[in-house]
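Novice: Dropping a structure here in structure tokens format, bear with me for questions.
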Amino acid sequence: MVSPKNYWALACCLVVAWSAALAPFVLAAPPAVDPCKVLTTAEVEQVVGKLKGTPTGDKEGEAGWCNYEFANGKDAMEVWVFPADGINRGRKVSKKPVTVKGLGDDAFMDRGMHGLDYVNLFIKKQGVTVKLSLKESAGDEDKLKTLAQKAVGRF
């Protein structure tokens with residue numbers, strides 16, 4: 001007959017083994033970066049145009065985002081914050097990723113991801129991926145690069 005002491009030892013070993021087996025599948029904690037604080041409203045208005053109201057943010061799982069609506073009714077922009085591996089997932093679904101210099105080794109830009117008429121710029125720094133998305137318009141790539149230069153120091 002096995003003693004209760006041995007049952008506890010066996011149970012503890014099973015818990016440790018189970019935890020070790022699940023460790024690779026545990027999701028990382030969401031980044032502590034507020035997507036609505038990656039850029040100031042003044043910066044966005046200076047580069048893109050006058051905002052219609054205050055930007056609104058939300059979170060789901062590991063992702064957080066901030067939506068910007070513009071007074072002209074044409075422009076639209078989003079800032080997304082993901083864990084570091086978000087940049088790899090973005091690159092996998094990108095149709096034609098283009099490397100962007102000056103924003104880190106992994107930075108890239110893409111058009112039309114998920115069939116939408118947006119230009120996306122992905123940046124990764126210190127365990128955080130930030131995606132700036134701007135509705136396609138004249139000068140959209142330059143606008144995103146300008147905003148990304150301002151944002152990169154905040155995360």
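Values in this text are rule-based calculations from the coordinates and carry no lab data. The shown structure was predicted, so the numbers you read here are calculated from the model rather than taken from an experiment.
Novice: Can you list the aspartates and glutamates whose alpha carbon sits under 16 Å from that of K52, skipping same-chain ones fewer than 8 residues off?
Specialist: E43, E69, D75, E78
Novice: When we measure straight from the Cα of K125, which lysines land under 16 angstrom away, once same-chain ones fewer than 8 places off are left out?
Specialist: K37, K101, K145, K150
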